[in-house]
Amino acid sequence: MKGRLKYFILNNAYDFERGAYENMEVIDNKLKYSSDKHSGISCFMTKVFDSLERGNVWHRLVINTENCSDDDLRIIVYAANDKEFTYKGKTLTADEVINDKSISLREKTQMLSQFEKKRIGGVHDILLHDVSGRYLWVYIELLGTSDRPAAINDIMLYLPAESWIDRLPYIYRKSDKESRFLERFLGIFQTLYEEVEYRIDRIADRFDPESADADFLEWLAEWLDIADRSMWSEDKLRDFMMSAVSLYRSRGTRESLSRAIELYIGERPFIIENFSLQKYRGSEMYEKILVPLYGKDPYKVFILVPGELIKNDNDVDALWRIAREFMPMTVDPEITVLEPYIFLGQNSYLGINSFINRPTNAVLDGKSRITLSVLGEQEK
């Protein structure tokens with residue numbers, strides 16, 4: 001095509017905040033259902049889009065949602081050549097009404113009803129060839145539940161770069177001026193073509209772990225031969241994949257192991273290799289403290305992680321799998337979760353999981369507890 005595809009897109013927190021919404025909140029650049037009720041209607045009205053051309057014929061509206069079936073979606077499309085209007089003797093603009101937080105969305109739809117051009121239900125992809133006007137905005141209703149909250153991922157509003165009917169001989173364009181049937185019929189195929197063209201233009205985004213869709217992210221992980229992909233959350237998997245090249249390049253080293261574990265738990269672990277203890281060999285500390293803790297096996301590596309970063313046994317299992325992935329086959333990892341207690345002769349490290357504070361008096365007031373203490377009779 002000669003012209004490039006033109007469109008508006010709403011796909012981040014800033015875009016959604018410029019509109020108005022009820023029973024919804026912005027989470028991870030998505031607008032999600034949020035209410036004290038288990039289920040209910042959530043509403044969103046977009047900002048006003050400006051095509052910069054009076055009488056502009058709009059092309060297409062695409063709303064990408066999550067946990068929302070066709071039956072749970074209602075849409076109203078508004079369009080106008082002028083944003084100003086009179087309501088109950090007052091001169092207002094569409095922008096003012098949309099941005100006024102003192103007015104409910106239900107009232108806003110009533111105040112702006114004179115600009116209503118199209119009302120649709122149960123469709124996520126809508127042709128707008130019968131909607132004209134310089135300005136356009138959209139009102140959306142979704143039925144949501146708290147256990148599977150409906151969400152608006154993004155909204156795309158297209159303006160055709162060029163109508164395909166303009167490519168036909170004049171006789172066809174002339175005969176179609178009144179009914180515009182041929183233009184609308186060709187618009188179906190033009191929409192499909194432009195969708196493919198748009199995807200091709202943005203194909204690079206699919207190969208970027210930071211922007212790839214969740215489904216495609218799993219495919220990319222297979223390309224990188226990432227084992228046990230299911231144990232990584234989506235955000236952690238993205239971070240891991242962006243660091244994968246450098247991690248695999250140094251695979252089998254202490255640095256790559258430490259970095260891989262950091263990507264999973266959020267902090268670097270403490271790694272103790274047996275050979276690093278050999279400088280203490282022959283000392284009393286080596287025989288009485290280090291050997292009981294770490295042994296003498298030169299092929300053993302101890303990985304110490306703070307207990308507050310480990311939620312359950314699955315996390316420990318995941319760390320063990322990561323260790324096996326980034327350590328030589330001849331080395332045996334041992335994961336130690338550091339609990340916040342002091343045990344002499346065990347894994348208690350001052351400033352890491354054990355702290356010395358000023359003593360305070362114990363108060364039995366129902367709010368304090370005495371940990372690992374024994375209350376007994378006083379010795380006589």
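Here is how the numbers come out for the structure above:
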{"quantity": "Separation of alpha-carbon centers, region 113-158 and region 254-319, rounded to whole Å", "calculated": "55 Å"}
{"quantity": "Relative contact order of the chain, pairs being alpha-carbon contacts under 8 Å that are 6 or more residues apart, as %", "calculated": "15 percent"}
{"quantity": "Hits among lysines - C-alpha to C-alpha of residue 47 under 20 Å, sequence gap 8 or more where chains match", "calculated": "6, 30, 32, 83, 101, 108, 117, 118"}
{"quantity": "Lysine pair count for region 171-321 [Cα-Cα under 16 Å; pairs on different chains or 8 or more apart]", "calculated": "4"}
{"quantity": "Kyte-Doolittle at least -0.5, axis length at least 27 Å by Cα - qualifying DSSP helices, the chain", "calculated": "181-201"}
{"quantity": "Computed magnitude of the charge dipole of region 126-243 (debye, nearest 20; Cβ of K, R +1, Cβ of D, E -1)", "calculated": "800 debye"}
{"quantity": "Global geometry of region 149-269, whether rounded, prolate or oblate, following the gyration tensor of its Cα atoms and the 1.5 cut on a/c", "calculated": "prolate"}
{"quantity": "Accessible area expressed per residue, the chain, with surrounding protein chains retained (probe 1.4 Å, Å²)", "calculated": "62 Å²"}
{"quantity": "Simple label model, 7 Å out from Cα along Cβ direction - residue 50 to residue 235, nm", "calculated": "3.6 nm"}
{"quantity": "Solvent-accessible area, 1.4 Å probe, carbon plus sulfur percent, for the chain", "calculated": "50 percent"}
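The values are calculated or read from the model by the stated rules, or taken from the named source; none is laboratory data. Please read all numbers here as calculations on a predicted model, not as lab measurements. All Cβ positions, even for glycine, are placed from backbone atoms using ideal geometry, and neighbour counts span all protein chains on display. Ligands, DNA and RNA are excluded from the accessible area calculation, which covers all protein heavy atoms including side chains. Shrake-Rupley method; radii C 1.70, N 1.55, O 1.52, S 1.80 Å.
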